[in-house]
Amino acid sequence: MAARTTKQSSIPSVWARPQRESDQPALSRATIVREAIVMLDAEGVEALSMRKLATRLNAGAASLYRHVATKDELMELAVDEVAAEIDVPPADSPDWRAAVAQAAHSFRTTALRHPWLSSVLGQAGLAYLGPNLMSYSERLAALFTTAGFPDPNGAIDAVLSYVIGMSTTEGAWLITVARSGETEADFIARLMPAAQQAVADHEHLAKGYAQTEEFATTDPAAMRDTKFAAALDIVLDGLALRLETPGS
């Protein structure tokens, strides 16, 4: 029995070990995670360290380690905390496609509110074991199951692969724009000559740039919204076809 306990406790995840009691009543795991998210939103993953976080909380690093053993564990907790912001409509929604689209847009909105999120999802250890991410996955599974999908996990993977991929790219772009100190429209206008030169020898890409140039420089946020929705429709078209032809 002792050997089994030792093996279980060696799993490198915050969700695989019991939470310790604090010797500082004002310092809790929830407080630590909330402050970490503030730092992540403002400065990014690279700027976050246990030492800096302890300083911001007016605590010793040792006090933090009673709640969170490593920075990796802290990232698991931060990912799960912001996952609570993602909305998934009820499983009995009358239009499964509209409900899935709402869930996808909510994920994107959350990811852009916390630009670091998408980039760390694949690196945050066993973050999917967290209660909020578990709840999110369960609600998506219920939605797809109620809609009649024989393989809800496959449908979830298809939607999330698209949403996470797009959100990662979009988040990285917005971080680059923010670092420039310019508005997105001004940054694009300054970048456009170099982009046009880069695609000059690529017929199809050049045509696409020409078609979106005005949109990109006048309302880039609306352009990103439009692109996200259009490609999401393609994913949902494929899922709808799979639903209409089971076993395909």
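Of all residues in region 21-52, those that are modelled with pLDDT under 60 and either under 20 Å from residue 115 (Cα atoms) or in contact with a helix residue (DSSP H, G or I) (Cβ under 9 Å, 6 or more places away or on another chain) (or both) total 3. Screening 210, 142 for residues that are out of contact with any Lys or Arg (no Cβ under 8 Å at 6 or more places or on another chain) and under 30 Å from residue 96 (Cβ atoms) leaves exactly one candidate, 142. Report, by residue number, each residue of region 29-69 that is of a type in the set (S, T, N, Q) and closer than 25 Å to residue 121 by Cβ. If the condition is that a residue be of a type in the set (S, T, N, Q) and closer than 25 Å to residue 121 by Cβ, then 31, 49 are the ones that fit.
If you filter region 93-119 down to residues that are crowded, with 17+ Cβ neighbours inside 10 Å and free of Cβ contacts under 8 Å to residues at least 40 places away in the same chain, you find that the one that is nearest to the chain's Cα centre (by Cα) is 110.
Among the residues making up region 138-168, those that are of a type in the set (Phe, Trp, Tyr) and assigned to a helix (DSSP H, G or I) are 144, 162. Residue count for region 44-69 satisfying the condition of being open to solvent by less than 60 Å² (accessible area, probe 1.4 Å), of a type outside the set (A, V, I, L, M), in contact (Cβ under 8 Å) with a residue 40 or more places away in the chain and part of a loop (DSSP other than H, G, I, E, B): 2.
The number of residues in region 205-248 being over 19 Å from residue 167 (Cα atoms) and within 24 Å of the chain's Cα centre (by Cα) comes to 3. Considering region 146-199, the residues that are under 24 Å from residue 219 (Cβ atoms), out of contact with any helix residue (DSSP H, G or I) (no Cβ under 7 Å at 6 or more places or on another chain) and hydroxyl-bearing (Ser, Thr, Tyr) include one that is most open to solvent (accessible area, probe 1.4 Å), namely 169.
Looking across region 200-222, just one residue is at pLDDT 90 or above, assigned to a helix (DSSP H, G or I) and surrounded by 12 or more Cβ atoms within 10 Å (Cβ to Cβ), and that is 220.
The values are calculated or read from the model by the stated rules, or taken from the named source; none is laboratory data. Values in this document were obtained by computation on a predicted structure and should not be read as measured data. Heads up, the Cβs are rebuilt from the backbone with ideal geometry, glycines too, and the neighbour counts pull from every protein chain shown. Accessible surface is based on the protein model in full, side chains and every heavy atom, while ligands, DNA and RNA are left aside. Shrake-Rupley method; radii C 1.70, N 1.55, O 1.52, S 1.80 Å.
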